[in-house]
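So the structure is just underneath, and the comments pick up after that.
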Amino acid sequence: MLKLQKLNEHFPVNIDEVWMLVYTNRNKAIYSLRSNFIEGEDFNLYQMGKVVSSKELRNGIKIDAKLSVSCMEYFVARKSRSVFEVYRKVFHKTAEILQEPSLITSKQINAKISWIKGCKSLLRLNENSTLLLLKQVGDPLGLPTPDYTSSNGILRSASELLKKNERNITAQKFNEAAVAKGYIVELERPAAHGKTKRFKSITEKGKDFGENQVSPHNPKETQPSWYENKFVELLNTLGL
């Protein structure tokens, strides 16, 4: 309907697009149109693609009609107020939203992008986690972002890989060894009630063996994940 209003046409609405909203029969819809509205002002009649007046209508030839936008609204409202109310609420609310100035300024977008860059740098996020953060900014604004990023291998948690490789050690012991050798570092972030929350992040030294992903529990934390095909090498390097 917004497109119809923008068209430079007095009668942009084809009756075949609206009569079934409130009528069960097309002929009854055209009869109602001719009986209740002004020909030439609210609607035009057509036969064989040409505008004709009611007096010029020929029997046996299909009658078409085109309505003005205002006529279409009343045409629906006269027959079914409930249908018209649904139309009115949806259409006019949509028009209001489209006419409102953007609530998000370029300055705010740049601030969000800078925040993402800071997270990527400080937390050493992998490409996929960075993309997820970018999508949170871009998707609501209709901005394009890639659907996926490339990875250097299959990523799994330390617990999964320790179990898969049948190593009789806990993830806690693995993390302690990785911290001691500089492959993982412990970071802190503010938490509720003035407390701090500690979490782990893969260092530059450890990036050959894994990637930092955004924690599903908090976007301000990382969750180390390790390459499946390099995990045994990492264990040997850590002496485990």
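The values are calculated or read from the model by the stated rules, or taken from the named source; none is laboratory data. Model, not experiment: these values are computed from the prediction. As a convention, Cβ positions derive from the backbone with ideal geometry for all residues, glycine included, and neighbour counts pool all protein chains shown.
Per-structure values
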quantity: Hey, GLU166 assigned by TED's automatic domain parsing to the domain that holds GLN223 and on the phi > 0 side of the Ramachandran plot or not; calculated: yes
quantity: Matching residues in segment 189-240 - criterion: being more than 35 Å from the chain's Cα centre (by Cα) and among the acidic types (Asp, Glu); calculated: GLU233
quantity: Top-ranked residue of segment 48-100 - restricted to ones that are modelled with pLDDT under 60 and touching an Asp or Glu at 6+ places or on another chain (Cβ under 8 Å), ranked as farthest from ALA29 (Cα to Cα); calculated: ARG88
quantity: Residues of segment 199-240 that turn out to be of a type in the set (A, V, I, L, M, F, W, C) and not in a strand (DSSP E or B), as a count; calculated: 7
quantity: Candidates SER106, SER159, filtered to the one that is under 30 Å from LEU240 (Cβ atoms), at pLDDT 60 or above and among the small types (Gly, Ala, Ser); calculated: SER159
quantity: Test: LYS28 is of a type in the set (Lys, Arg) and not in a helix (DSSP H, G or I); calculated: no
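A quick yes/no check of all residues on (1) of a type in the set (Phe, Trp, Tyr); (2) surrounded by fewer than 14 Cβ atoms within 10 Å (Cβ to Cβ); (3) farther than 15 Å from LEU162 by Cα:
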residue: SER201; (1), (2), (3): no, no, yes
residue: VAL214; (1), (2), (3): no, no, yes
residue: GLN223; (1), (2), (3): no, no, yes
residue: ASN229; (1), (2), (3): no, yes, no
residue: THR237; (1), (2), (3): no, no, no
